[in-house]
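S.K.: Just dropping this structure here.
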Amino acid sequence: MHFSRIKHDRFTRFALGSGLFLALPFLFGAAQEQKSYEQHEFVRFACQNVTVNVDPKFGTDPKAVYLCAGNTLTWVANSHKFIVIFRKNSPFINNQKVFDNNNYQSKPAKNDVALTVYNYDIIVDGEPIEDPQVVGGGGHGP
């Protein structure tokens, strides 16, 4: 068995200490650099009543609708026959889930605390159109 003994003189302590001292900024710098890539994005939109145009090609214009509590939604048929059916829940205070050419204006939207996506199906002129949605809640205000 062979043992090596390192003599701890001032130079060795200085070299080891300096190496650690020089490495610390890189370690902390890497953590700060990673942190600098974190971004938060916010989207602002006006809290107002919304009009949605029925479109036989795209379903609706706009595609996504954002409703604040108390706002209403009006479907405009544009000379097309349409029916809208909310899949699970409705964003409206009366929980209305079906809209059509005769029943095209909603009651006010609920006050959802969390941002909630309400998916619905829309059929325009007898053809189903995919992926429209209404987004409500999320604590946004006027």
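S.K.: State which residue is farthest from residue 136 (Cα to Cα) when the search covers only region 46-55 and only residues that are out of contact with any Phe, Trp or Tyr (no Cβ under 9 Å at 6 or more places or on another chain) and surrounded by 14 or more Cβ atoms within 10 Å (Cβ to Cβ).
M.R.: Top of the filtered list is 55.
S.K.: Assuming residue 130 fulfils every condition listed in (1) at pLDDT 85 or above; (2) among the acidic types (Asp, Glu); (3) more than 12 Å from residue 86 (Cβ to Cβ) apart from one, which condition is it?
M.R.: Just one mismatch for residue 130, condition (1).
S.K.: Separate question: If you scan region 49-64, which residues turn out to be of a type outside the set (Gly, Ala, Ser), within 12 Å of residue 122 (Cβ to Cβ) and not in a loop (DSSP other than H, G, I, E, B)?
M.R.: Matches in region 49-64: 52, 53, 54, 55, 60, 61.
S.K.: Also, I was wondering about something else. Tell me, which residue of region 79-116 that is outside any strand (DSSP E or B) and charged (D, E, K, R) is nearest to residue 59 (Cα to Cα)? Don't jump to the end; show me each part of the working.
M.R.: So in region 79-116, the residues outside any strand (DSSP E or B) come out as 79-81, 87-91, 93-97, 101-104, 106-108, 110-115.
Of the ones still in play, those that are also charged (D, E, K, R) are 81, 87-88, 97, 107, 110, 112.
Working: 81: 12, 87: 16, 88: 19, 97: 17, 107: 21, 110: 24, 112: 25 Å.
By that ranking, first place goes to 81.
S.K.: Condition first: modelled with pLDDT under 70 and touching a Leu at 6+ places or on another chain (Cβ under 9 Å). Now tell me which residues in region 33-50 satisfy that.
M.R.: Within region 33-50, none qualify.
Listed here are the residues, each with its yes/no results for (1) among the charged types (D, E, K, R); (2) crowded, with 16+ Cβ neighbours inside 10 Å; (3) in contact with a strand residue (DSSP E or B) (Cβ under 6 Å, 6 or more places away or on another chain); (4) within 25 Å of residue 45 (Cα to Cα).
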| residue | (1), (2), (3), (4) |
| --- | --- |
| 61 | yes, no, yes, yes |
| 68 | no, yes, no, yes |
| 73 | no, yes, yes, yes |
| 84 | no, yes, yes, yes |
| 90 | no, yes, no, yes |
| 94 | no, no, no, yes |
| 106 | no, yes, yes, yes |
| 124 | no, yes, yes, no |
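S.K.: Determine the pairs where a residue that is part of a loop (DSSP other than H, G, I, E, B) and among the charged types (D, E, K, R), located within region 117-140, has a partner that is at pLDDT 75 or above and surrounded by 18 or more Cβ atoms within 10 Å (Cβ to Cβ) with Cβ atoms under 9 Å apart, the partner being 6 or more residues away or on another chain.
M.R.: So the pair list comes out as 125/82; 130/59; 130/122; 131/59.
The values are calculated or read from the model by the stated rules, or taken from the named source; none is laboratory data. Quantities reported herein were computed from a predicted structural model and do not represent experimental measurements. Cβ sites come from the backbone with ideal geometry, for glycine too, and all protein chains shown count toward neighbours.
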